[in-house]
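Some notes on the structure that comes next.
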Amino acid sequence: MMQYVANGVVLGATLALGAIGLTLTYNILRFANFAHGEFLTFGAYFTLVFAAFFAGAAPIGPLTFGWGFLLAAVIGLVLSALLALVLDRLLFRRLRRSDVTVTLVIASFGASLMLRNVVVFVWSPRPEYFSRTIAVSREIVPGVRMTGDELFVVALTAALMLALHLFLTRSSLGRSMRAVSDDPSLARVAGIDVQAMIRWTWFIGAGLAAVAGILFGLTVQISPEMGFNLILPMFAATILGGIGSIYGAVVGGLIIGLAQELSVPLIGAAYKPAVAFTLMFLILLVYPQGILGDRS
Amino acid sequence: MLSYLVFFLAQASIFAVVCLGLNLQWGYTGLFNIGVAGFFLVGAYAFAILCGPEYPMQLGGRGLPFPVGLLGAALASGVVAFVVGIPTLRLREDYLAIVTIGIATTLHLVALNAQWLTGGSQGASGIPRPLPGLLDTVLARNALMLGLSLAVVLSVYAGLEAMVRSPWGRVLKAIREDETAASSLGKNAFLFRLQAFVIGSSIMGIGGALYASFVGFVSPEDFQPILTFQVWTMLIVGGSGNNKGAVLGALVMWAVWTLSGTLAQQLLPPGLQVKGGAAQVILIGLVLMVTLVVRPRGLIGEEAEVSRGAVVEGAPGRR
Amino acid sequence: MSTGREPAGADRPPRRASRGEPALEVRDVVAGYVPEADILRGVSLRVREREIVTVLGPNGAGKSTLIKAIAGLVPVRSGSIRLFGESLLAVPAHRMVSHGLAYVPQTGNVFARLSVRENLEIGAGAHRASGGFRDDLDRVYELFPRLAERRRQAAGTLSGGERQMVAVARALMSRPRVLMLDEPSAGLSPLLVAILFAKVREVRELGLTILVVEQNARAALAVSDRGYVLAEGREQIEGGAGDLLADPEVGALYLGARRALA
């Protein structure tokens, strides 16, 4: 039982990172971005490419990867964040500008489909892995086995969330982003360059998603559908936690992750995404603003 | 050549039916249904269960007549839409998008795993055509199917046109343009949206039934997000808000799809076929994106009948 | 903002107004949200340095639109708008504060989910990191003591009057030379209105120039130097505040009354 909890925390951490980015863009840009999953996917694939370049570095301690991989991961996440900016510039910004109500959501859905197929086109539909090294799981506490990589996932996620919290509350840029998310027109009047804040939102949101993708690729597998398969749980996490709330996204991510893993002994692994959907549906039925959401 | 044309038109008309359903939801009511594939799936499997032969270890074997299958499919999709719509249609529009994609994914998952219901990944085969045994050439059978599909397209088209011009349709339009004003007149926006959503989904279910009957075999593979995407592209390219646009879009985009598919098949060596498939999707995606940015109202989309000076929907560049 | 020091626009060297040059000058401005519907039809006004000028007028006259046009939020089709002689027409809305022009909207004028202190930090913008920030903050807390008590509270949880204070304080933190207020008395009790306009006078003493758009003619004119009456997109009447209060025509344009406002 505790093993499932541990698995749930690992998955939940990944989902939380992805959900944060989703809620950030929703907050500031006011639309549900279905292409968000692809930032995860591309984060993993870009890293895969560069990891091949820097291969040969010895693994660090109990982890399956070395410094070369970390460097590749940083490059991969920056590239994925740039992809988000490009997507915004080419597509979303133009749709925002014209008065068409058709809609960023449909465009993002289409972009998601296209991007997935770009991955298939450039790489292949086969699943990939960062390394051939078998990850050894050890017993951390009685009844719970985790690999070094999985512990890394949890630790890194916690660190990133702390960093994000500090950034949003202590830095001027973070404060400006929160102002834009609170009231974009007032932010403009108050002297904030809203367009620049939008770009930063994309960068940070997609960057976090890329990290989630890399971590998922590290502990599970890399495939063209990986981001798309996680978009539903990520949306569920944001809705559960209260769309627009970053802390809600974290809480939601953990709950969904735990629920999905804990459901495995009950209904089997195949139905995991359905669990996320069911939870999301229930919350919309009963308490649509979510756990930490706005009461308005 | 003729047989290919008949085949092509039959498929296009099935898509046209689905597209008309989406037009009611999106074009007339402004609802983001990104789970089209899910409602299509429900209709197809419902038809298979009602009209199909006996399947080992699986629901089915009713062998009911064709119209019953169609009705059952419409009903099944309608019920799913009703259940999904109740909590979601009260909320912001983006939520419907998220929930519909969730339901489509979940339905796909069920189709893939619930052996007893859907035959799992094997699917359901041997689904009958209308009037089996009556005609014996492939061409004749396809032509019959085409005729039937066209009949459905026409009836759905006529039905929708009538609905849209009716008082009900006018309220729908009012709600889409200015909900606060409409509710102040005592019109319950939620109920109207729910009706449009359910009816539109039922139409999609009918399309699914036609598909099941036409192909004779359904499996979860047939109901992926790409299908939703194709239908949306058809509607947007054809012209949303306009029933003729929905039908035209279905025809045009299906032509683009099959042509590009054939091209890929001919030009690419077998090893690259998968890449060809991916390129096809990317191409369709580009068509959609370009349409959205350059000509959002599509080929024959409606010119909004809004008063001058107000922001005009579907006319880019106006500020 | 400290007395004895010239007020400087945020990050530009202060442009000394040459003799007689107005702080804010609007000339023959035609503007509106959409091309077919011009709300301002050739309006002109001027505000001299350290003046308090009020713009009055019935609803729909274009008062709010005028302020928004100056702030860069409404497209201007023709005419000119100058701040200390410099044209504002090409300046994007978010750069107005760096030119020394601060605007307090009528509604949605605080960041509800941010604390009072954070609202003020946002207002300070680039000055946040400078040495003068602490002084500016103290000055603002001195002007509005209630805000000092509530500095950690989310702005959205404050009362209407307190929120208005935060809105004005936010604008002041940007070290503006010209402050524009859009119907500051809206939704406030008569007592709060009186306090608010007294504060406006205090702010002027700190060296600012103030343009106020108001429905509550009496209260605003009581603290102003001059006023304009706007109707149908143009200024119809202009004069000293006292004269306007005594003018029966102003009363007529306002309330359909046959007598003066004061």
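The values are calculated or read from the model by the stated rules, or taken from the named source; none is laboratory data. If you're wondering where the values come from, they're calculated on a predicted model, not measured in any experiment. All Cβ positions, glycine included, derive from the backbone under ideal geometry; neighbour counts span all protein chains shown.
Is one or more of the residues making up segment A:221-229 buried (at least 22 other Cβ atoms within 10 Å of the Cβ), among the aliphatic types (A, V, I, L, M) and more than 30 Å from C:ARG175 (Cβ to Cβ)?
yes
If you take just the helices (runs of 4 or more DSSP H) that sit entirely in segment C:126-205, which of them hold at least 2 residues that are touching a helix residue (DSSP H, G or I) at 6+ places or on another chain (Cβ under 9 Å) and closer than 18 Å to C:ARG113 by Cβ?
Per the criteria, C:160-172.
Could you tell me whether any residue of segment A:195-205 is more than 21 Å from A:SER124 (Cβ to Cβ), more than 12 Å from the chain's Cα centre (by Cα) and without any contact (Cβ under 8 Å) to a residue 24 or more places away in the chain?
The answer is yes; a qualifying residue exists.
If you take just the helices (runs of 4 or more DSSP H) that sit entirely in segment A:216-296, which of them hold at least 2 residues that are more than 10 Å from chain B (Cβ to nearest Cβ)?
Answer list for segment A:216-296: A:226-241, A:246-267.
Determine, yes or no, whether A:PHE130 is among the aromatic types (Phe, Trp, Tyr) and without any contact (Cβ under 8 Å) to a residue 24 or more places away in the chain.
No, not satisfied.
Among the candidates B:LEU194, B:LEU251, B:LEU210, B:LEU235, single out the residue that is within 13 Å of chain A (Cβ to nearest Cβ) and at pLDDT 90 or above.
Being within 13 Å of chain A (Cβ to nearest Cβ) and at pLDDT 90 or above holds for just one of B:LEU194, B:LEU251, B:LEU210, B:LEU235, which is B:LEU235.
Tell me which residues, restricted to segment A:47-73, are under 17 Å from A:ILE222 (Cα atoms) and among the aliphatic types (A, V, I, L, M).
Within segment A:47-73, A:LEU48, A:VAL49, A:ALA51, A:ALA52, A:LEU70, A:ALA72, A:ALA73 meet the criteria.
Considering only segment B:76-168, give the helices (runs of 4 or more DSSP H) lying wholly within it that have at least 3 residues that are buried (at least 17 other Cβ atoms within 10 Å of the Cβ) and touching a Gly at 6+ places or on another chain (Cβ under 6 Å).
B:93-113
When you scan segment A:115-205 for helices (runs of 4 or more DSSP H) that lie fully inside it, which ones turn up with 1 or more residues that are more than 14 Å from every other protein chain (Cβ to nearest Cβ)?
A:148-170
Only one of (1) surrounded by fewer than 20 Cβ atoms within 10 Å (Cβ to Cβ); (2) of a type in the set (S, T, N, Q); (3) within 9 Å of chain B (Cβ to nearest Cβ) fails for A:SER112. Which number is that?
With respect to (1) surrounded by fewer than 20 Cβ atoms within 10 Å (Cβ to Cβ); (2) of a type in the set (S, T, N, Q); (3) within 9 Å of chain B (Cβ to nearest Cβ), A:SER112 is out only on (1).
Mind listing whichever residues of segment C:40-60 are outside any strand (DSSP E or B) and under 14 Å from C:ARG234 (Cα atoms)?
Residues satisfying the conditions are C:GLY57, C:PRO58, C:ASN59, C:GLY60.
From C:PHE197, C:PHE133, C:PHE144, which residue is of a type in the set (Phe, Trp, Tyr) and within 12 Å of chain A (Cβ to nearest Cβ)?
Sole residue among the options that is of a type in the set (Phe, Trp, Tyr) and within 12 Å of chain A (Cβ to nearest Cβ): C:PHE133.
Here is a check on your reading of the model: is C:LEU114 more than 15 Å from the chain's Cα centre (by Cα), facing another protein chain (nearest Cβ under 9 Å) and over 24 Å from C:VAL212 (Cβ atoms)?
Judged against the criteria, C:LEU114 is a match.
Quick one: which residue in A:ALA73, A:ALA84 is within 22 Å of A:GLU150 (Cα to Cα), in a helix (DSSP H, G or I) and away from chain B (no Cβ under 14 Å)?
One residue alone meets the criteria, A:ALA73.
Looking at segment C:149-158, is at least one residue within 24 Å of C:ARG82 (Cβ to Cβ), out of contact with any Gly (no Cβ under 9 Å at 6 or more places or on another chain), modelled with pLDDT of 90 or more and not polar (S, T, N, Q)?
no
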